[in-house]
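All remarks here apply to the structure that follows.
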Amino acid sequence: MSAPRLQMEHVCCHFEGREVVCGIDLTVRAGEVLCLLGPSGCGKSTTLRMIAGIERPSRGIIRADGEVLSDATTHLPPEARGIGLIFQDFALFPHLSVAQNIAFGLRGTAAQNRARVDELLERVDLQGYGDTAPHMLSGGEQQRVALARALAPRPRIMLMDEPFSGLDNRLRDGIRDETLALLKEEGTAVVLVTHEPEEAMRMADQIALMRDGGVVQTGAPYNIYTSPCDKDAAAFFSDINVISGEVHGALIETPFGQFLAPGVPDGGLVDIVFRPQHVKIDFDRGGRGPNPTPQDGVPALGHVKRARFMGHESLVEFRMDFDGGIVKVTVPAVFLPKPGTPLWLTIRRDRCFVFPNRP
Ligand SMILES: Nc1ncnc2c1ncn2[C@@H]1O[C@H](COP(=O)(O)OP(=O)(O)OP(=O)(O)O)[C@@H](O)[C@H]1O
Ligand SMILES: [Mg+2]
């Protein structure tokens, strides 16, 4: 197989003696989208700036198509990397026309450049806007010009730092889907920074979940969502419910039945983590719930604390009888039981995660 378009091996970055990013290993192939996802300050932009060549790694190797961009002895300047950039404040040059903005990074003859600009204007659906000044365009149109400008020199890698966050929701969905389609057609490898899990799930072939300057988990959106590496990784993608318990004989007894905790020693504490959509609700039948099953375990009684309609689903919060704690449940469509209603909850065994409880 050919060398990956982008490869980072154990890349670190220091600022003033403080390690803000460390041990980054990532691979992105041509036509693939990698999302760096994580909370504010975790090192997403710093990672992007090292790939771009704006920041120099303190350790590690960055390669593109097998060629070293940065290592202990080499540090190619940004303009020699064949990398395109789109940042959140994608400022267009205000004194240049749309066409001049797009042609800015082109090195061909005037005729070649004109042809490339026309091709890109068409691709971003702005034919006829070449002579317009940027300030005459809407935010979404300006965004498309910025995309065309970044794509014009045919970068092998496109780096995007929260490029869609300045757009209103309605515009954003359309523009990010169009942008992705375009980048895929051009075979560009994309590294997209976002702190929104929905955006990452929608856009990414691979998500690299970052925390405190490192990547804690990498995988396809489905894998990251359904097999999170720890409680915080699970919590990054949705509300979660947690019940804690002590392990005896590789088992934990809970009001929802027994759970397996293979490999955890006796007396070890674990968290059983489950998402609100994986809880089933049953009506009370004279003080009894449904019969226990291997799939759903044992029902536990809770009383509705409040129920809210969220549009495509309803969110119901329960106060559990067994410990007074809260369990959140989402139900498709409209389900708005009155506060105080007793209902029985079971949780889907196969959708629960059992993690060692580390203080
Ligand atoms: N030039 C710099 N000098 C010193 N510290 C820096 C510098 N740039 C970033 N940092 C620090 O590095 C850490 C990571 O910053 P970075 O901008 O990469 O985070 P981020 O994940 O992009 O966050 P956000 O989502 O808020 O943009 C932060 O603690 C930040 O304060
Ligand atoms: Mg940032």
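The values are calculated or read from the model by the stated rules, or taken from the named source; none is laboratory data. As the structure is a computational prediction, the values presented were derived from the model and not from experiment. Every residue, glycine as well, gets a Cβ built from its backbone with ideal geometry; the counts of neighbours run over all protein chains shown.
Some points to look at:
- When Leu85 is tested against (1) more than 16 Å from ligand 1 (Cβ to nearest atom); (2) within 27 Å of Val117 (Cα to Cα), just one condition goes unmet, and that condition is (1).
- Condition check for Ile62: within 16 Å of ligand 2 (Cβ to nearest atom) and over 17 Å from Pro163 (Cα atoms): no
- Answer from His14, His10 - the residue that is on the phi > 0 side of the Ramachandran plot, more than 20 Å from the chain's Cα centre (by Cα) and not small (Gly, Ala, Ser): His10
- Residue match in region 222-245 (condition: assigned to a strand (DSSP E or B) and closer than 30 Å to Met8 by Cα): no
- Condition broken by Ser314, with the remaining ones in (1) at pLDDT below 95; (2) surrounded by 15 or more Cβ atoms within 10 Å (Cβ to Cβ) satisfied: (1)
- Scanning region 241-253 for residues that are closer than 19 Å to Leu345 by Cβ and crowded, with 20+ Cβ neighbours inside 10 Å returns Asn241, Ile243, Gly245, Ile252.
- With respect to the conditions (1) in contact with a Ser or Thr (Cβ under 9 Å, 6 or more places away or on another chain); (2) surrounded by fewer than 16 Cβ atoms within 10 Å (Cβ to Cβ); (3) modelled with pLDDT of 95 or more, Ser238 falls short on a single one, namely (3).
- With respect to being of a type in the set (Val, Ile, Thr) and surrounded by 20 or more Cβ atoms within 10 Å (Cβ to Cβ), Ile51 fits the description.
- Number of residues in region 158-208 that are more than 14 Å from ligand 1 (Cβ to nearest atom), farther than 25 Å from Leu126 by Cα, modelled with pLDDT of 95 or more and not in a loop (DSSP other than H, G, I, E, B) equals 2.
- Subset of region 135-177 [more than 27 Å from Gln112 (Cα to Cα) and either in contact with a Ser or Thr (Cβ under 9 Å, 6 or more places away or on another chain) or not assigned by TED's automatic domain parsing to the domain that holds Gln100 (or both)]: Asp161, Glu162, Pro163, Phe164, Ser165, Leu171, Arg172
- Unique match (being more than 25 Å from Thr194 (Cα to Cα) and modelled with pLDDT under 90) among Asp118, Asp89, Asp131, Asp125: Asp125
- Pairing residues of region 252-281 that are without any contact (Cβ under 8 Å) to a residue 40 or more places away in the chain with residues that are surrounded by fewer than 19 Cβ atoms within 10 Å (Cβ to Cβ), at Cβ distances under 8 Å and at least 6 apart in sequence or on separate chains, gives Gln258/Leu251; Pro262/Ala250; Gly263/Ala250; Asp266/His248; Asp266/Gly249; Gly267/Glu246; Gly267/His248.
- Only one of Thr188, Thr194, Thr132, Thr218 that is in the same structural domain as Phe93 (by TED's automatic domain parsing), within 30 Å of Thr109 (Cα to Cα) and in contact with a strand residue (DSSP E or B) (Cβ under 9 Å, 6 or more places away or on another chain): Thr188
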